Amino acid sequence: MRVYVPLTLPGLAAAHAAGELGPEPLVAYAVTPALREWYVSDDLEELEYAALNRAALASLRLLAMDPEAPRRRVVVAVDVPDRAASADPDRGLDPAALGEVRVSGTVPLAKAAAVHVDADDAVADVTAAAGALGAADTGDDDAQFVVDGAEDHELLWYATQEIPNLI
């Protein structure tokens, strides 16, 4: 199963130094039954893109909690055994938890398929979105518009060999 792990650049640096993603259970995003139902598509590529975007939003939340982190969202795509990832059945229909899974066991960074990171031109919008996230969560439409502005930026694809250059 392909899962998308939200990080920050310091989190990616720590994972690179440790050689693994963690600690467990690792929060990630994947194509879950609830995500399939919400997205209403059978196209696996579209569903994986939706899971990647959910992880990008989770990365934005991590940035909002770490004002010192560079303002670029980071998502690591990694393949894990199906049995290693599980969705919480009690949160399956919670809009905030769509696609969310917990990954058990150690996830070696060497198993990563790719790293997705914001381009430099996204920094201003990501910075604004991280600052507006709290207000957006309470229903502020203007703040939600700012958060959506970060989502207008596509994450760039990087091979895992490029991680040292990213950090």
(request) Please specify each residue of segment 147-167 satisfying the condition of being surrounded by 12 or more Cβ atoms within 10 Å (Cβ to Cβ) and more than 18 Å from the chain's Cα centre (by Cα). (result) Glu162
(request) Test Val27 against the stated conditions and say whether it is in contact with a helix residue (DSSP H, G or I) (Cβ under 6 Å, 6 or more places away or on another chain), on the phi < 0 side of the Ramachandran plot, open to solvent by less than 60 Å² (accessible area, probe 1.4 Å) and in a strand (DSSP E or B). (result) no
(request) Look through Gly99, Gly139 and report the one residue that is within 19 Å of Leu57 (Cα to Cα) and touching a Ser or Thr at 6+ places or on another chain (Cβ under 7 Å). (result) Gly99
(request) Identify all residues within segment 15-24 that are open to solvent by less than 100 Å² (accessible area, probe 1.4 Å) and not acidic (Asp, Glu); write none if there are none. (result) Ala15, His16, Ala17, Ala18, Gly19, Leu21, Gly22
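The values are calculated or read from the model by the stated rules, or taken from the named source; none is laboratory data. Just so it is clear, the model here is predicted, and its values are computed rather than measured. When we count neighbours, we look across all protein chains shown, and the Cβ atoms used for this are built from the backbone with ideal geometry, even at glycine. Side chains are part of the model used for accessible areas, which takes the heavy atoms of the whole protein and leaves out ligands, DNA and RNA. Shrake-Rupley method; radii C 1.70, N 1.55, O 1.52, S 1.80 Å.
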